[in-house]
Amino acid sequence: MTIDTAWVRAQFPAFAEPSLQGQAFFENAGGSYTCQPVIDRLTRFYTQRKVQPYAPYEASQLGGQEMDEARRRMAAILGVETDELSFGPSTTQNTYVLAQAFGQLLAPGEAIIVTNQDHEANTGPWRRLADRGIEVREWCVDPETGALNTDDLENLLDEHVRLVCFPHCSNVVGQINPVVEITALAHAAGAFVCVDGVSYAPHGFADVGNLGPDIYLFSAYKTFGPHQGLMVIRRALGNLLPNQGHVFNGDTLYKRLTPAGPDHAQIAASAGMADYVDAFYAHHIGGDADAAARGAAVHDMMRDHETGLLQPLLDAVKDRNSVRLIGPSEAVGRAPTVAMALNRPGLEAATELAKHGIMAGGGDFYAGRALTAMGVDEGKGVLRLSFTHYTTKDEIDQLLNALDDVL
């Protein structure tokens, strides 16, 4: 089925904003536009429910109900139990807290595996556990392609490994990693799995229940929502990890690993992401389906649309002498996050693209380890172009014309 882009864009006020007219947004990997249901819920909470939730008076009860609704509906889309979903101030903060919990759980001499493909948020906190005597093993990317090879992972796994951390896809390489296969390898070796889904989730919410990892993290501000970190922790692991929250929250799974109380209004507004998924499904598909099935159908439509737009962009840059395309040149199997190493700083090229009405980014995007491993000058960084399902063919054409001038 074909996405009705006119309907989709009507759900995002940014596309009707006069100050943004004529500009094509290609820095979605840094944060997406916000959909109207999220804005509506956030406005309502701040104007009608901005009180301490769960007290006996009406405004407080309604506020608590909206927070509970967000957790219940987003967990259902992700294919997990309601209390297996936690909200925190950011994915970086959620990962940091998780690392502290594992630091208490693991003993010196036990090992974890991290990658050098990750954004720093899903590698830095884990690497610091070496200070506690925990062995940190690095699963390294192929220096030419930036890909992670599962054969290399198998060589790192043994009876000492307790945790494997990797991204669903990298924010510079873009290649989608085989989560099910990697999770199965890790579980077979007796290790837990932590997946950073920040760079994948904007392209359709994952069915975490079917993928199988013990932890899955992503950021709502990149999935059309507020600035919150969403963290799935499956019950078996969540109850095993030491409580990081207030002592009286230790028996509540979704509170025990979020010590910093997140913004109540933003939790409630996160239900707007579920509103958008449901409205998208009703408009394009319709019929009865449970939340996970609706989420999966919307995911597939988003990915098909993005893949169709991505291939012309990859074809336009992959053979340029002045450009090194990071990651695969085929759209199938990669997210529409396209990083290019140039013979000049990526930020300089992004600045020139802005003159053509292209909003893009340049730099290392907190993925310095990955760029260094691939021989990219970290000082120059890369030019990164990223889009999502609300991008149109006309905007891709506008980008390609601008790239002809800038590159």
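Looking only at residues in the range 224-249 that are at pLDDT 95 or above, small (Gly, Ala, Ser) and over 18 Å from the mean Cα position of the chain (by Cα), the one that is least open to solvent (accessible area, probe 1.4 Å) is GLY238. With respect to LEU148, is the statement that it is closer than 25 Å to MET340 by Cβ and open to solvent by 10 Å² or more (accessible area, probe 1.4 Å) true? It is true that LEU148 is closer than 25 Å to MET340 by Cβ and open to solvent by 10 Å² or more (accessible area, probe 1.4 Å).
Okay, residues lined up against (1) surrounded by fewer than 22 Cβ atoms within 10 Å (Cβ to Cβ); (2) within 30 Å of ALA10 (Cβ to Cβ); (3) without any contact (Cβ under 8 Å) to a residue 40 or more places away in the chain:
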residue	(1), (2), (3)
GLU159	yes, no, yes
VAL164	no, no, no
CYS169	no, yes, no
GLY261	yes, no, yes
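Taking the numbered list (1) more than 30 Å from ALA339 (Cβ to Cβ); (2) open to solvent by less than 30 Å² (accessible area, probe 1.4 Å); (3) among the aliphatic types (A, V, I, L, M); (4) not assigned by the TED database to the domain that holds PRO213 in turn, ALA10 passes all entries but (2). Can you say whether ALA341 is more than 19 Å from the chain's Cα centre (by Cα), surrounded by 19 or more Cβ atoms within 10 Å (Cβ to Cβ) and part of a helix (DSSP H, G or I), as far as the supplied structure shows? No, not satisfied. Right, ARG320: open to solvent by 50 Å² or more (accessible area, probe 1.4 Å), over 25 Å from PHE12 (Cβ atoms) and assigned to a strand (DSSP E or B) or not? Spelling it out, it is not the case that ARG320 is open to solvent by 50 Å² or more (accessible area, probe 1.4 Å), over 25 Å from PHE12 (Cβ atoms) and assigned to a strand (DSSP E or B). When the range 106-120 is filtered for residues that are touching a strand residue (DSSP E or B) at 6+ places or on another chain (Cβ under 8 Å) and either open to solvent by 10 Å² or more (accessible area, probe 1.4 Å) or assigned to a loop (DSSP other than H, G, I, E, B) (or both), the ones remaining, listed by number, are LEU106, GLY109, GLU110, ASN116, GLN117, ASP118, HIS119. Applying the selection to the range 67-105, what residues are over 16 Å from LEU230 (Cβ atoms) and in contact (Cβ under 8 Å) with a residue 60 or more places away in the chain? Across the range 67-105, the qualifying residues are GLN100, ALA101, PHE102, GLN104, LEU105. Scanning the range 377-407 for residues that are surrounded by 24 or more Cβ atoms within 10 Å (Cβ to Cβ) and either more than 30 Å from PHE205 (Cα to Cα) or free of Cβ contacts under 8 Å to residues at least 24 places away in the same chain (or both) yields a count of 0. If we scan the range 45-60, do we find a residue that is in contact with a Leu (Cβ under 9 Å, 6 or more places away or on another chain), surrounded by fewer than 22 Cβ atoms within 10 Å (Cβ to Cβ), outside any helix (DSSP H, G or I) and in contact (Cβ under 8 Å) with a residue 60 or more places away in the chain? Checked the range 45-60: at least one residue is in contact with a Leu (Cβ under 9 Å, 6 or more places away or on another chain), surrounded by fewer than 22 Cβ atoms within 10 Å (Cβ to Cβ), outside any helix (DSSP H, G or I) and in contact (Cβ under 8 Å) with a residue 60 or more places away in the chain. Kindly indicate whether any position in the range 130-138 is open to solvent by 10 Å² or more (accessible area, probe 1.4 Å) and touching a residue at least 60 places away in the same chain (Cβ under 8 Å). The answer is no; no qualifying residue exists.
The values are calculated or read from the model by the stated rules, or taken from the named source; none is laboratory data. Keep in mind that what you see is a predicted model, and the values were worked out from it rather than measured. Every residue, glycine among them, receives a Cβ derived from its backbone with ideal geometry; neighbour counts consider all protein chains shown. Just so you know, the surface numbers come from the protein's heavy atoms only, side chains and all, with ligands and any DNA or RNA stripped out. Shrake-Rupley method; radii C 1.70, N 1.55, O 1.52, S 1.80 Å.
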